[in-house]
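The values are calculated or read from the model by the stated rules, or taken from the named source; none is laboratory data. Here the structure is a predicted model, which means the values were calculated and not measured. Here the Cβ is made from the backbone with ideal geometry for all residues, glycine too, and neighbour counts use every protein chain on show. We work out accessible area using only protein heavy atoms, side chains counted, and drop any ligands, DNA or RNA first. Shrake-Rupley method; radii C 1.70, N 1.55, O 1.52, S 1.80 Å.
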Amino acid sequence: MDLSIRTFEPADQPAVTDLALRAWAPVFASLEQVLGGIFATMHQDWRGDQRRAVEAACADEHLTTWVAEADSVVAGFATVKLDHEERMGEIHMIAVDPDHQRRGIAAALTEHALRWFTDNGMTLAMVETGGDPGHAPARAAYEHAGFTQLPIARYFRRLER
């Protein structure tokens, strides 16, 4: 596999959005299992919400977006940001097309981000992900990249009118 990481271009948007929605479908299925009826309250249209979130992130001038190309096909992307005051780089979004997962693309995007953070004077890197079963591959990838997990408990309750 020939893998390269390059700066996002507006023409990449359809491919990036599509792969993100396909990559995150199992995550949202997991969230629905964990949250039960609360899921529908939180995510009435998760695909529409995520489509808008990916498009907004790729267009945000405060974020940097890269795409990973595998054999000249957009196979993944990452959006990152720098917090110069805290000297912390954050991986804001990352996704790999399901047809290209388990080939080191997420690891390559993560390493690219970590080098970029270091090159820009950051002393800390952060990424957030879920604690549900659907996010287990992401947690494993971040732990493999040397991140330390800080367990946080977040509770939800649906309110009745």
Would you list the membrane-span-like helices of the chain, meaning whole DSSP H runs whose alpha-carbon atoms span at least 24 Å along their axis and whose mean Kyte-Doolittle value is at least -1.0? 13-35
Could you give the size of the charge dipole of the chain about its Cα centre, using +1 on the Cβ of each K and R and -1 on the Cβ of each D and E, expressed in debye and rounded to the nearest 20? 580 debye
Check: the stretch 25-78 dipole with +1 on Lys, Arg Cβ and -1 on Asp, Glu Cβ, in debye: 180 debye
Here, chymotrypsin sites (Phe, Trp or Tyr not before Pro) of the stretch 71-161 satisfying both criteria (DSSP loop; at most 13 other Cβ within 10 Å) are Y155, F156
Please identify every one of the GluC sites (Glu not before Pro) in the stretch 82-116 that sits in a loop by DSSP and has no more than 13 other beta carbons within 10 Å of its own beta carbon. E85, E86
What do you get for Rg/Rh over the chain if you use C-alpha atoms and the Kirkwood form of Rh? 0.97
Expressed as a whole percentage, what fraction of the accessible surface of the chain belongs to carbon and sulfur atoms when a 1.4 Å probe is rolled over the protein heavy atoms? 50 percent
Nearest 0.05, what FRET efficiency do R157 and D18 give at R0 = 30 Å with Cβ-Cβ as r? 0.30
What does the charge dipole of the stretch 1-53 about its Cα centre add up to, to the nearest 20 debye, if the Cβ of each Lys and Arg holds +1 and the Cβ of each Asp and Glu holds -1? 80 debye
Considering only protein heavy atoms, with the full assembly of protein chains and a 1.4 angstrom probe, order T118, T64 by accessible area, largest first. T118, T64
Mean Cβ count within 10 Å, highest first, over the residues of peptides 31-37, 95-101: 95-101, 31-37
Report the gain in length on full extension from A29 to M1: 0.36 nm times residue separation, minus Cα-Cα distance, nm rounded to one decimal. 7.1 nm
Using Cα pairs under 8 angstrom and six or more residues apart, how large is the relative contact order of the stretch 1-122, in percent? 29 percent
Quote the FRET efficiency, to the nearest 0.05, computed for R102 versus A53 with a Förster distance R0 of 22 Å and r equal to the Cβ-Cβ distance. 0.35
